[in-house]
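The values are calculated or read from the model by the stated rules, or taken from the named source; none is laboratory data. These numbers come from a predicted model, not from an experiment. Counting neighbours? That spans all protein chains shown, and the Cβs are built from the backbone with ideal geometry, glycine included.
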Amino acid sequence: MTAEDVLSDGRPEGTESGRRSRSSEAVLEVSDLTVGFPSDDGLVQAVRGVDYTLRGGEVLGIVGESGSGKSVTSLAVMGLLPRTAKVSGSVRFRGRELIGMSDAELNQVRGRDISMIFQDPMTSLNPVYSVGYQIAEAVRAHHDVSKAAALDRATDLLDLVRIPNAKQRLSAYPHELSGGMRQRVVIAIAMANDPDVIIADEPTTALDVTVQAQIMDSLEAAQVETGAAMVLITHDLGVIAGQADRVLVMYAGKPVEIGTAEDVFYTPRMPYTFGLLGSLPRLDRPSERLTPIPGSPPSVVNMPPGCPFTPRCPLAVPLCDEREPELEPTTDAEHLAACHRSDELIGKTPGDVFVTEVADAEALAHFVEESEELA
Amino acid sequence: MSAPAVEKGDGSAPAREPILSARNLVKHFPVRSSGLIRRQVGDIHAVCDVSFDLLEGETLGLVGESGCGKSTTARLVLNLIKRTSGEVFYGGRDVSALSPKQMRTLRRDLQIVFQDPYASLDPRMPVNEIVAEPLRIHDMFDKGGRELVRDLLRTVGLKPEHGNRFPHEFSGGQRQRIGVARALALRPKVLVLDEPVSALDVSIQAGVLNLLDELQTELGLSYLFVSHDLSVVRHTADRIAVMYLGRIVETGPAAALFERPGHPYTQALISAIPLPDPRKERARERITVVGDLPSPADPPSGCRFRTRCPKFAAELGEGERKRCVEDNPQLVDRGQGHPVACHYAEQKVLI
Amino acid sequence: MPEPTTSTPSTGASTTATSTPPAGQKVAGAPPEREFTVAERSQLQLVLRRFLQHRLAVVSFVVLILLVLLAYVGGALWKYKFGEFTPDESEPPSWEHPFGTDSAGKDQFAQVLRGTQISLQIAVLVAIFSTVIGTLWGAVAGYFGGIVDTVMMRIADLILTLPLIAVAAMLAHNFGGTWWLISLVIAGLYWAYVSRVARGVVLSLREKEFIEAAKALGSSDWRIILRHLVPNALGSIIVNATILISVAILLETALSYLGFGVSVPDTSLGLLVSEAQTALSTRSWLFYFPGLFIILIALCINFIGDGLRDALDPQQTKVRR
């Protein structure tokens, strides 16, 4: 262990950190993307119309809870959904339509132009090949270089994602590496061909926090090195706050709010976002009452009309049950929210919108009485 | 849960009586060779000399990453697994020395809520039966158990009408509430919460945390709250013990520990948690540890954290490092106001 | 024991604060409807639904029911009783005797129906006995593990190594004759198979958190085994029991065929086949009809077992959002 292994750095101030080269040119445009899966109970509408534009070099964070369709969206972008899935809408990479492309054509795009990092590195690494071989293969899939040159590149890539003793690690097999190490190998593979877009789907969910910090560092290094734009999908609002330039919040298969990280975290305009922020226990504040969102996320099978958040929303009015709100610009043209009562949320805090649930006091009192009789 | 009475920043003797105490708990799991005759070839040092007091009515947070032995500690406390050595005292008696019959009686006072709401409820039992099970086990159901179950379900936020449904019909948050109801049925005094919200989405997690908070106040419960999530522990716990590779490395009142952590591991842990606040998060000082957890079957000599310690790697001289390699640092107050197990403990402000 | 006094000072204040929630507050006891994200279906309905999708199993089930009805109801209504001698000797199948008659003039249809009854009874009894014994044996071994497991499973292994037919023949020869004694003999040898299956399932269930939860609640070991382990292992065990039924029918056939099974004057499908073997070339109907019934029953039960296995497959039982 040497001193160089220890990374202890302060981050640049502010959100516009300038650590990434950013252009305003759109590299990935997703419009009206829908994905359905037929099931016994009817069509599962996993994604119900997602629109977003990813600009060169930026990080777009997609947050949502399990079942919100955030992962399915990215799988649809990559053309990785099973054949039974019904996909419609449009996904354009630098103007080229990806939906409807043949597998052979998609293979030219996947890995070279757009690459993906999954939650579980074991699913993307082949257990019977050494990691050096796998990275070299990724390089050679899109570039006509010698094996030796590809292995040299692999060493560089492992260095970049901060794997110590990169050269020796080339001959290691995935099972010989720890979870964090494996995920870094996956990141190295993802950046092997200098992609324009990296999609990272919950890249740190399965890992411990200290390892998560290491992976986020590697991911940042990968992004700076390749200059790629990144879609970062996670349920962890903290990770989003640290990494994303813009944030898209998904609920029940649809974006409900999109804006810069500061917009979404400091001036949210959709009750669901308020609820998420109010539900988070905070490390940086003394403990205060949390304001959970009542109820559970809706089933995305046979959805009734109206806003899917209505049953859990303290601001719901009859209109919400009748018509689902569109994603529309708020006071800021870059900050969009899908809520009929979006304007009323200006200047509110989660505590103003949501009420703290209290236990049923009468039941509790009965319970105390009865349990004392029993004992 | 911010009971002011437990603030004891000076590290002096506890103001209240401990309801549950662990003393020098050790647990080794045997590692066996594969093959017909499975010889024992080594030990996993899961828990190593862990001591703590749980005071009446307080929440003690036990935090650490996977493999640090926090869940094993929780199970040792409940005597669900056999300790290798050490004692657990409840009500003045050593729990692990009790006869099975005495242990059964004691179980009424010590209960547990598990992490995975999908695995901790018997899938073949309707919810009413799951919650009634503890009463039946202790022959208390016939004396009005049905009513109690109804009220209990209402207390945790479920409809009693749904009591004849099966666990798979409920969402994760609702299942966890069922788990809480089951644990409460016998009116325990101490509740061990083993990662009770880790498997839940944030919006659901908050509801369960609030419920636990309220139940603690209303029922006078003491919580041993085991979690890997520092934010959650910061929110719920009065006092915190940080574990690394089977040992407690730092312990103290929640506020003090987060504001002035003394152990390099605690510091790394705190700085690794991303804050859901873009400006703060991007302006923070980071202390990053390198590498991965060493194997608990062969832990490092001396200080177990030294192989990943940023201080050891970057700040200490050759002579100072020798001490880390040879000497296991004791968990004592080194001027931080709370006990820290690091020879070179130094406070840092990270939030 | 210290009194939980800490709760009392705060209880008074907070109960008054919470007992009348302000208008805006939602009481946790009344969350909005639509709270069930999972379609409301019981486990049984799910299993039934999937079983019904298995066409072959459903057809087999119907055929088996018809066979059982035919054997019992048909047997009772048919104009000839079992064992009754008719004046017609060695007649080929006709409207009068659908399955023909044997050389003594017994109506073969009545004989086959009686044989089916006995064979089915033996099979069901074997399934019940060996399942109950085997399940408990395996569950106890799997749950306690260690030396208990080793000893119990070695005993089971020992029984599995016995040459089944030979031992069954010997036992049946000494005790045998009546159908239920035969059943006991077969069950006494077959429970070991079931115990292996049950042990396997219990070994995986034992590590589940709900078992640990039961221990933490103070459940006795027997309570855990009977109330949690066995009901959860039941799926795989039922599948095994169905297959056991068809195995038992075949084994009984084999035993009776060898002359160690059900003995005259009673009859079984195996015995009928055995009696008819000498007549195969001249009066083949005597052989084919009971043989056909054996195949039909065994096939039906195997298909039903297949269907049940698919329906109870835990991979598909995972009902999540």
- Message: Return the pair list, or none, for Cβ contacts closer than 7 Å from residues in region B:255-281 that are in contact (Cβ under 8 Å) with a residue 60 or more places away in the chain and at the interface with chain A (Cβ under 7 Å from one of its Cβ atoms) to residues that are in a helix (DSSP H, G or I) and small (Gly, Ala, Ser), at least 6 apart or on different chains.
- Response: B:Leu275/A:Gly238; B:Leu275/A:Ala241
- Task: Check C:Val140, C:Val132, C:Val126 and return the single one that is in a helix (DSSP H, G or I) and within 20 Å of C:Ser256 (Cβ to Cβ).
- Result: C:Val126
- Note on the structure: In region A:255-287, anything closer than 30 Å to B:Lys159 by Cα, more than 9 Å from chain B (Cβ to nearest Cβ) and either charged (D, E, K, R) or outside any loop (DSSP other than H, G, I, E, B) (or both) is listed as A:Pro271, A:Thr273, A:Phe274
- Task: Take B:Glu169 and decide whether it is of a type outside the set (S, T, N, Q), modelled with pLDDT under 95, surrounded by fewer than 24 Cβ atoms within 10 Å (Cβ to Cβ) and out of contact with any Lys or Arg (no Cβ under 9 Å at 6 or more places or on another chain).
- Result: no
- Query: Condition test on A:Leu290, is it assigned to a loop (DSSP other than H, G, I, E, B), within 13 Å of another protein chain (Cβ to nearest Cβ) and of a type in the set (A, V, I, L, M, F, W, C)?
  - Reply: yes
- Which of (1) closer than 26 Å to B:Leu219 by Cα; (2) without any contact (Cβ under 8 Å) to a residue 60 or more places away in the chain; (3) more than 7 Å from every other protein chain (Cβ to nearest Cβ); (4) of a type outside the set (A, V, I, L, M, F, W, C) is the odd one out, the single condition B:Arg83 does not satisfy? (1)
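Could you list, in sequence order, the residues of region A:111-134 that are within 19 Å of A:Asp159 (Cβ to Cβ), among the β-branched types (Val, Ile, Thr) and more than 19 Å from the chain's Cα centre (by Cα)?
Passing the criteria: only A:Val131.
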- List every residue pair whose Cβ atoms sit under 6 Å apart, with the two residues 6 or more apart in sequence or on different chains, where the first one lies in region C:70-86 and is of a type in the set (A, V, I, L, M, F, W, C) and the second, anywhere, is in a loop (DSSP other than H, G, I, E, B). C:Phe85/C:Gly105
- Message: For the list (1) surrounded by fewer than 24 Cβ atoms within 10 Å (Cβ to Cβ); (2) of a type outside the set (Ser, Thr, Tyr); (3) within 21 Å of C:Ala214 (Cβ to Cβ); (4) away from chain A (no Cβ under 14 Å), I need the number of the one condition that B:Ile112 fails.
- Response: (1)
- Message: Contact list please: Cβ distance under 6 Å, first residue in region A:348-375 and facing chain B (nearest Cβ under 7 Å) and closer than 30 Å to A:Val264 by Cβ, second residue in a loop (DSSP other than H, G, I, E, B) and among the aliphatic types (A, V, I, L, M), pairs at least six apart or on different chains.
- Response: A:Glu357/C:Ala28
- Within region C:100-124, the count of residues that are surrounded by fewer than 24 Cβ atoms within 10 Å (Cβ to Cβ) and in contact with a Pro (Cβ under 7 Å, 6 or more places away or on another chain) comes to 3
- Query: How about region C:252-267: which of its residues are in a helix (DSSP H, G or I) and either touching a His at 6+ places or on another chain (Cβ under 7 Å) or surrounded by fewer than 23 Cβ atoms within 10 Å (Cβ to Cβ) (or both)?
  - Reply: C:Ala254, C:Tyr257, C:Leu258
- Cβ-Cβ under 8 Å pairs, at least 6 apart or on other chains, region A:159-182 side touching a residue at least 12 places away in the same chain (Cβ under 8 Å) and among the aromatic types (Phe, Trp, Tyr), far side surrounded by fewer than 13 Cβ atoms within 10 Å (Cβ to Cβ) and not in a helix (DSSP H, G or I): A:Tyr173/A:Pro127; A:Tyr173/A:Val128
- Item | Counted residues, region A:21-78 - those being more than 17 Å from the chain's Cα centre (by Cα), closer than 16 Å to A:Asp113 by Cα and buried (at least 20 other Cβ atoms within 10 Å of the Cβ) | 1
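Any idea which of C:Ile295, C:Ile224, C:Ile237 is in a helix (DSSP H, G or I) and more than 24 Å from C:Gly142 (Cα to Cα)?
Values: C:Ile224 fails: more than 24 Å from C:Gly142 (Cα to Cα); C:Ile237 fails: more than 24 Å from C:Gly142 (Cα to Cα).
Unique residue meeting the criteria: C:Ile295.
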- Query: In region B:247-257, how many are closer than 24 Å to A:Gly242 by Cα and surrounded by fewer than 24 Cβ atoms within 10 Å (Cβ to Cβ)?
  - Reply: 1
- Item | Residue in region B:231-250 that is among the polar types (S, T, N, Q) and without any contact (Cβ under 8 Å) to a residue 60 or more places away in the chain present | yes
- Task: Would you be able to say whether some residue in region B:181-188 is more than 10 Å from chain C (Cβ to nearest Cβ) and under 30 Å from A:Thr205 (Cβ atoms)?
- Result: yes
- Message: From the list B:Val208, B:Val192, B:Val249, B:Val242, exactly one residue is within 14 Å of chain C (Cβ to nearest Cβ) and in a strand (DSSP E or B). Which is it?
- Response: B:Val192
- Within region B:320-349, the residues that are at pLDDT 90 or above, loosely packed, with under 13 Cβ neighbours inside 10 Å and assigned to a loop (DSSP other than H, G, I, E, B) are B:Asp327, B:Gln330
- Restricting region A:293-310 to residues that are touching a residue at least 40 places away in the same chain (Cβ under 8 Å) and more than 17 Å from A:Pro325 (Cβ to Cβ), the residue that is farthest from the other protein chains (Cβ to nearest Cβ): A:Asn302
